[in-house]
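Below: one structure, written as structure tokens.
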Amino acid sequence: MRKKIVAGNWKLNNTLEEGLKLASEITNMVTDELRDEVTVVLGTPYIHLSAVGKLTENVEKLHVAAQDCSTHESGAYTGEISVSMIQSTGASYVIIGHSERREYHNETNEQLATKVELALKADLTPIFCCGESLNIRESGKHERFVSAQITESLFHLTEEQMSKVVIAYEPIWAIGTGVTASSDQAQEMHKALRAHIASKFGNTIADEASILYGGSCKPTNANELFSQPDIDGGLIGGASLKSRDFMDIINSF
Ligand code: 13P
């Protein structure tokens, strides 16, 4: 069965105290309200991972994610955080290749391929992000572009490794802009990506892959997006910073 996942990406928001307050509100809501087939992930800044992990450890469907990881396993790389460090906090997911990291930190598909492999080796579930800019969408080459991101960062994996990867399609033009991809646009891309995965890894792995949508997803549009046959949940930015909105998105399934 394909997993339904709603993941929050807090980005550069919340002090430790604010983050713990938000995580504790979400923990209570998830405990009281969650229908059991949805997996919920909180993508916090590194400094929150351990404390949020402790707070949520007894809630089976609630997991913690880092927002990035180093391409190195250890060594003289000041300021970097390795997959084993993330794993040691109790986090079990890691967001890899967010468009903000690609854009502001020049992350390449090749580096992301290394990060995905390291994450899997450390038993972390990668949430691999892909998505096109407005220019590429307008040129009509968006499917080719996003498929190439997947080819270059994921097609070196074994079938077993690929079966553990979660994909997040986040059109850059929809992130933080209030402009959401229409459910038809999102479904079309998700379907194409699933077919692309099938072309390399076969139908079973493609059918089981969770492909999340991200980009101005909110309580008012989540239901329509999540009702599409190839959309298995969301990666939520702004709306994950408010516990009620985030919970309403989770309950949109
Ligand atoms: P918004 O939901 O704020 O548009 O952000 C989406 C995103 O980038 C999640 O990773």
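Note that the range 186-237 shows a convex hull volume over its alpha carbon atoms of 67 Å³ per residue. Computed from the alpha carbon positions, the gyration tensor of the chain leads to an equivalent ellipsoid with semi-axes of 25, 22, 17 Å, biggest first. With both labels modelled 7 Å from their Cα along Cα-to-Cβ, the K141 to Q228 distance reads 2.3 nm. Residue separation of A198 and F253 scaled by 0.36 nm, minus their Cα-Cα distance, works out to 17.3 nm of gained length. Placing a label point 7 Å from the Cα of K21 along the Cα-to-Cβ direction, the residues of the range 228-246 whose backbone N falls under 19 Å of that point are 238-246. Per residue, the accessible area of the chain comes to 46 Å², computed with a 1.4 Å probe over protein heavy atoms only. In the range 56-201, the portion of solvent-accessible area held by carbon and sulfur atoms comes to 46 percent [1.4 Å probe, whole percent, DNA, RNA and ligands not counted].
By the Cα gyration tensor, the range 114-181 has an equivalent ellipsoid whose semi-axes, rounded to whole angstrom, run 26, 14, 8 from largest to smallest. Its relative contact order, with pairs defined as Cα atoms under 8 Å and 6+ residues apart, puts the chain at 21 percent.
Taking θ as phi - 60° and the Karplus parameters 6.51, -1.76 and 1.60, the scalar couplings of the range 22-31 work out to 4, 5, 6, 4, 5, 4, 5, 5, 4, 4 Hz in sequence order, x denoting glycine and proline.
Measuring with a 1.4 angstrom probe and ignoring ligands and nucleic acids, H196 comes out at about 40 Å² accessible. Put a dot 7 Å past the Cα of I47, heading toward its Cβ, do the same for N13, and the two dots end up 1.8 nm apart.
The mean of 1/r over all distinct Cα pairs in the range 56-121, once inverted, gives the Kirkwood hydrodynamic radius of 12.6 Å. Among rounded, prolate and oblate, which fits the range 9-118 when a ≥ b ≥ c are the square roots of the eigenvalues of its C-alpha gyration tensor, a/c under 1.5 means rounded, and a/b larger than b/c means prolate? It comes out prolate by the Cα gyration axes. The lysines within cross-link reach of K200, meaning a Cα-to-Cα straight distance under 29 Å and a gap of 8 or more places when in the same chain, are K3, K4, K115, K121, K141, K164, K191. Extension gain for the segment F155 to Y77, taken as residue separation times 0.36 nm less the Cα-Cα distance, is 25.3 nm to one decimal. The string of couplings for the range 137-154 from the Karplus curve (6.51, -1.76, 1.60, θ = phi - 60°) is 4, 5, 7, x, 9, 5, 5, 5, 5, 5, 4, 5, 4, 5, 4, 6, 9, 10 Hz, one whole number per residue in order, with x for Gly and Pro.
Does the range 1-64 come out rounded, prolate or oblate by the C-alpha gyration tensor, with a ≥ b ≥ c the root eigenvalues, rounded set by a/c under 1.5 and, if not, prolate when a/b is larger than b/c and oblate if not? Judged from the Cα gyration tensor, the range 1-64 comes out prolate (a/c at least 1.5, a/b above b/c).
The convex hull built on the alpha-carbon positions of the range 134-253 has an orientation-averaged projected area of 7.3 nm².
The values are calculated or read from the model by the stated rules, or taken from the named source; none is laboratory data. All figures in this text were calculated on a predicted structure; none of them were measured in a lab. Quick reminder, even Gly has a Cβ in these numbers, built from the backbone with ideal geometry, and neighbours come from all protein chains shown. We work out accessible area using only protein heavy atoms, side chains counted, and drop any ligands, DNA or RNA first. Shrake-Rupley method; radii C 1.70, N 1.55, O 1.52, S 1.80 Å.
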